[in-house]
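Notes to accompany the following structure.
Nothing in this text is a laboratory measurement; each read-out follows from the coordinates by a stated rule. Just so you know, these numbers come straight off a predicted model, no measurement behind them. All Cβ positions, even for glycine, are placed from backbone atoms using ideal geometry, and neighbour counts span all protein chains on display.
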Amino acid sequence: MVSASGRDGEERSDRHPLKVLILSWYFPPSNTIGAIRVGKLAKYLMRRHVDVRVVTAREPDLAKTLPLEIPPERVVYTRAVDVNRPIDVIGNLRNRLLRRAPAPGGGAQAGAGGGGGSGSLVGRVLSTVSDFYLNLSNLPDRYVGWLPWAVAGARRTCRDWKPDLIYVTGPPFTAFLAGHHLSAKLGVPWIAEFRDRWADDPYFEAPDWRMALLDRMERRVAGSASGIVTVSEPWTEFYRAKYGKPVATIYNGYDPQDFPLPTEPPPASPDLTITYAGVLYSGRRDPSPLFQALALLGPERERVRIEFYGSDPGLVFPPAERAGVTDRVTVHPAVPYKRSLEIQRRSDVLLLLQWNNPREQGNVPAKLFEYFGVLRPILGIGLEDGVPARLIRERQAGFFSNDPQAIADQIRRWLAAKDAAGGRLERLPPAAREGLSRDIQFELLLDFCAKVIQPAAADCATRKPRDA
């Protein structure tokens with residue numbers, strides 16, 4: 001019998017501590033929100049005397065600025081094949097052909113004028129080939145080239161060490177395929193963590209035939225898991241109904257070590273700084289209501305600054321220009337994690353953007369818990385009956401609306417509060433973040449794993465592990 005450790009740090013069993021193999025494409029030092037959650041989970045499990053090993057990818061496209069908080073010998077970084085490399089070849093070929101094709105209306109040098117049409121036809125054909133290749137090869141996602149290396153890395157790890165549980169987190173969901181395979185190979189139960197949705201992701205668009213393939217793949221793969229973890233109550237209900245398995249809601253939370261309670265007052269300034277730290281999605285995370293609210297402020301708009309960090313300027317400035325407020329908006333490059341937290345602490349208000357659509361129900365950005373962690377007021381825009389809106393309102397942590405006039409009125413109230421307090425907008429009370437720490441959330445997760453693993457392990461024991 002195996003078990004995790006109790007809240008007091010003592011093991012719940014006298015046999016041996018729980019052994020957990022984590023599979024995740026994202027892991028520190030790669031600086032991305034998915035790596036933060038998984039890295040913190042590994043740190044928490046080790047603090048609870050869980051024997052943790054991690055298999056992850058050498059992510060080449062992300063800044064390596066996130067602290068690695070477990071011993072490096074516990075982590076296996078593997079290579080991965082980029083299955084989309086042929087698309088680069090097709091793209092280069094298309095560009096060369098188009099450069100060689102005569103331009104329409106080019107007089108004598110354009111010959112009969114058919115070259116431009118021919119070039120356009122070639123471009124369309126190559127684009128069609130590219131789209132078909134992407135839809136056919138990127139199953140379950142563009143990271144599928146990691147699958148054999150993830151499995152090989154896990155098998156090397158398990159040569160002289162057998163886990164009691166395989167914990168797999170996605171996206172990307174190529175990791176799920178690896179977990180599904182290894183569970184059957186080793187005769188070990190696995191848990192599927194949906195940090196986001198897979199076949200049911202409303203942000204993802206693809207031909208119907210591909211969506212049908214993804215749904216079939218997800219049902220087969222995730223259907224073999226012994227339990228499911230996800231990040232909100234609506235998604236818990238959804239996956240419980242879809243799979244009929246134990247499901248746990250584990251919020252992202254904040255790490256108290258990164259978010260100590262403030263001991264100094266916030267900085268004084270006559271201006272109100274509103275900060276957004278993260279990416280934007282065209283048509284889904286839209287700051288337009290805030291920009292429109294700023295335009296309604298009249299002369300008071302000169303006292304408001306909106307700062308974006310790590311966002312695409314092409315998604316920020318066009319709506320700001322339409323509202324006539326580009327002079328009050330700044331876009332900065334992405335910054336390391338610790339620097340991002342410091343920027344958030346020094347801001348007056350933190351901006352949370354969601355898609356204002358019922359299909360967004362259940363989506364809870366990890367960024368929300370950083371905002372709670374730094375105890376700064378939150379301005380939320382998006383789905384007004386979603387989980388983030390509920391948390392912000394229940395905890396009196398800010399304001400959530402899509403109405404520019406209502407947002408403008410709230411900005412005026414924040415400006416007045418700063419003036420009354422000598423240029424400082426007071427922090428939220430510590431009670432606003434109560435119960436949202438990663439320690440509490442991961443404690444719930446560890447309890448869930450302990451409940452899932454014993455019947456699942458007994459079931460796996462009745463099935464002979466497969467040979468490779």
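Some values worked out for this structure:
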{"quantity": "Sites ARG303 and ARG393 - FRET efficiency at Förster radius 35 Å, r taken between beta-carbons, to 0.05", "calculated": "0.85"}
{"quantity": "Listed peptides 321-332, 225-236 by packing density, highest first (mean Cβ within 10 Å)", "calculated": "225-236, 321-332"}
{"quantity": "Estimated 222 nm signal from helices in the chain, with DSSP H stretches of n ≥ 4 weighted -39500 (n - 2.57), rounded to 500", "calculated": "-13000 deg cm²/dmol"}
{"quantity": "Dipole-positive endmost among LEU353, TYR371, GLY386 within the range 331-403 (Cβ charges, Cα centre)", "calculated": "TYR371"}
{"quantity": "Among THR169, PRO289, TYR133 the positive-end extreme of the charge dipole of the chain (Cβ point charges)", "calculated": "TYR133"}
{"quantity": "Distance violations [Cα-Cα > 32 Å] among LYS367/LYS451; LYS43/LYS245; LYS185/LYS338", "calculated": "LYS185/LYS338"}
{"quantity": "Test item: Cα-centred dipole of the chain, Lys/Arg +1 and Asp/Glu -1 on Cβ, debye", "calculated": "1300 debye"}
{"quantity": "Distance in nm between pseudo-label sites at PHE204 and LYS185 (7 Å out along the Cβ direction from Cα)", "calculated": "2.3 nm"}
{"quantity": "Long-range HN-HN contacts of GLY398 with modeled amide H, under 5 Å", "calculated": "ILE378"}
{"quantity": "DSSP H segments from the chain that extend 27 Å or more along their own axis, Cα-based, with Kyte-Doolittle mean of -0.5 or above", "calculated": "114-137, 438-461"}
{"quantity": "Anchor LYS162: aspartates and glutamates whose Cα lies under 13 Å away (excluding residues fewer than 8 positions away in-chain)", "calculated": "ASP51"}
{"quantity": "Built amide H within the under 5 Å cut-off of THR78, gap 5+", "calculated": "THR56, ALA57, ARG58"}
{"quantity": "Cα-based shape type of the range 202-347, given that a ≥ b ≥ c are square roots of the gyration tensor eigenvalues and the cut on a/c is 1.5", "calculated": "oblate"}
{"quantity": "Mean separation of Cα contacts under 8 Å, 6 or more apart, over the residue count of the chain: relative contact order %", "calculated": "14 percent"}
{"quantity": "Gyration tensor (alpha-carbon) shape descriptor, the range 126-206, a/c threshold 1.5", "calculated": "oblate"}
{"quantity": "Label assignment, P(r) over Cα pairs in 20 Å bins from 0, in percent derived from the structure, set [x] 21, 39, 25, 12, 3, 0; [y] 25, 57, 17, 1; [z] 21, 49, 26, 4, 0", "calculated": "[z]"}
{"quantity": "Top positive-direction residue, dipole computed over the chain with Cβ charges, set THR157, MET217, GLY435", "calculated": "THR157"}
